[in-house]
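A short write-up of the structure that comes next.
The values are calculated or read from the model by the stated rules, or taken from the named source; none is laboratory data. Nothing here was measured: the structure is a model prediction, and the numbers come from that model. Neighbour counts run over all protein chains shown; Cβ positions are idealised from the backbone, glycine included. Just the protein is used for accessible areas: all its heavy atoms, side chains included, with ligands, DNA and RNA removed. Shrake-Rupley method; radii C 1.70, N 1.55, O 1.52, S 1.80 Å.
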Amino acid sequence: MGLVAVAGFLLERVAYRPLRRSDRLAAVVSALGASIFCQNAIMLVYGARSQVYPSGILPTASIPVFGIEISLMRFVMFGISLLLMLLLYWFIHRTKTGTAIRAVAIDQDAAKLVGIDVNLIISLIFLIGPALGGAAGVMVGLFYGQITYDMGFGFGLKAFTAAILGGIGNIPGAMLGGILLGVIEALGAAYISIAWKDAIAFCVLILILIFRPTGILGERVADKI
């Protein structure tokens with residue numbers, strides 16, 4: 001988590017901060033280019049093959065729940081994910097720094113007028129976000145027993161879909177969107193075809209954008225006069 005957080009901090013200084021006054025498309029293109037660069041850099045360092053976790057470090061025990069054996073690893077992942085989400089929600093909504101983060105997200109110029117260091121807050125976001133992504137990558141690797149250099153791209157798209165599904169800027173909405181997306185994918189893979197799992201997820205995204213673009217719980221924005 002620490003290493004990925006530092007990488008995210010450096011990425012913000014190189015790929016995002018110089019384009020802060022540009023239009024949003026420039027930032028999107030820069031992010032896509034940075035993603036491709038990072039993937040290929042990791043591939044050159046570690047190779048294109050999957051890296052397998054050593055045998056014996058993963059818990060193999062299972063716990064019966066209503067007659068169904070559920071692996072201990074699933075409970076561990078659920079507990080860690082829930083803890084991280086609660087800590088993030090508490091930090092954003094119950095601390096002074098979290099208030100500054102929300103203020104910068106609403107209006108950077110107004111935040112500067114009340115004495116908030118916008119550059120520092122944005123750098124902090126690029127520390128927290130990648131750190132949480134690093135934790136997610138470790139848990140995914142532990143669950144599947146292996147990692148690949150390009151595994152983050154697909155999960156990043158799913159995270160983007162979940163955020164839109166729940167509501168951009170709405171942390172509980174993003175959590176709810178992630179759970180719903182996972183359930184929809186699982187049901188689609190079970191009752192339709194596993195080959196259509198990703199297609200089903202993006203069909204849901206298209207439907208949400210058409211019929212409820214603000215997401216299930218609504219987009220968190222401020223009213224401007």
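Determine whether Ala105 is free of Cβ contacts under 8 Å to residues at least 40 places away in the same chain and within 20 Å of the chain's Cα centre (by Cα). Taking the combined requirement at face value, the residue does not satisfy it. Within segment 92-102, being assigned to a helix (DSSP H, G or I) and open to solvent by less than 50 Å² (accessible area, probe 1.4 Å) holds for Ile92, His93, Gly98, Ala100, Ile101.
For segment 181-212, taking the residues that are touching a residue at least 24 places away in the same chain (Cβ under 8 Å) and among the hydrophobic types (A, V, I, L, M, F, W, C), the one that is least open to solvent (accessible area, probe 1.4 Å) is identified as Ala201. Within the span defined as segment 57-65, one or more residues are hydroxyl-bearing (Ser, Thr, Tyr), at pLDDT below 90, in contact with an Asp or Glu (Cβ under 8 Å, 6 or more places away or on another chain) and not in a loop (DSSP other than H, G, I, E, B).
Taking the criterion of being of a type in the set (D, E, K, R) and within 13 Å of the chain's Cα centre (by Cα), the only residue of segment 138-197 that qualifies is Lys158.
The residue that is surrounded by the fewest Cβ atoms within 10 Å (Cβ to Cβ), among those in segment 29-43 that are touching a residue at least 40 places away in the same chain (Cβ under 8 Å) and of a type in the set (A, V, I, L, M), is Met43.
Filtering segment 68-91 to residues that are without any contact (Cβ under 8 Å) to a residue 12 or more places away in the chain and either open to solvent by 80 Å² or more (accessible area, probe 1.4 Å) or within 18 Å of Ala136 (Cα to Cα) (or both) leaves Ile68, Glu69, Phe78, Gly79, Leu82, Leu83, Leu86, Leu87, Trp90.
The single condition from (1) in a loop (DSSP other than H, G, I, E, B); (2) at pLDDT below 85; (3) open to solvent by 90 Å² or more (accessible area, probe 1.4 Å) that Arg49 fails is (2).
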